[in-house]
1. Using only the Cα atoms of region 49-90, build the gyration tensor, take square roots of its eigenvalues as a ≥ b ≥ c, and label the shape rounded, prolate or oblate: rounded if a/c is under 1.5, else prolate if a/b is larger than b/c, else oblate.
2. Take the alpha carbon gyration tensor of region 27-102, find the square roots of its eigenvalues, order them as a ≥ b ≥ c, and report rounded if a/c is under 1.5; if not, report prolate when a/b exceeds b/c, else oblate.
Amino acid sequence: MRRLEGAGDNSSCQSKTRKLGNRPATRIDAARMLKRRLKDAGLSDAFSPHSFRATGITNFLENGGTLEVAQRIAGHADSRTTKLYDRRGQKVLLEDMERIRY
């Protein structure tokens with residue numbers, strides 16, 4: 001394997017990633033990191049790490065996954081909780097938007 005020039009030398013890296021130390025990241029750490037990244041990208045901070053959970057469950061169900069398996073993946077005791085994360089019924093299609101007259 002070829003070694004890249006400067007590999008291992010962090011003095012030239014301009015990374016915004018902070019070292020967390022020897023402890024696992026907490027949900028608060030994840031939320032702060034996401035908010036920082038959203039701000040840096042100029043995006044709305046209306047998102048949270050929890051948004052990814054809903055997106056993941058919806059994506060799984062859209063691709064043929066069953067509610068029961070999604071429930072197990074999410075660790076929910078009741079499938080009604082998993083149904084709350086299913087955003088498939090909230091999609092607005094481009095064809096629907098084009099029907100709006102100005």
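1. Because its axes are fairly even, with a/c under 1.5, region 49-90 counts as rounded.
2. Working: a/c = 2.80, a/b = 1.03, b/c = 2.71.
Oblate.
Throughout, read-outs are computed from the coordinates displayed, never taken from laboratory work. Everything numeric in this text was worked out from a predicted model, so none of it was measured.
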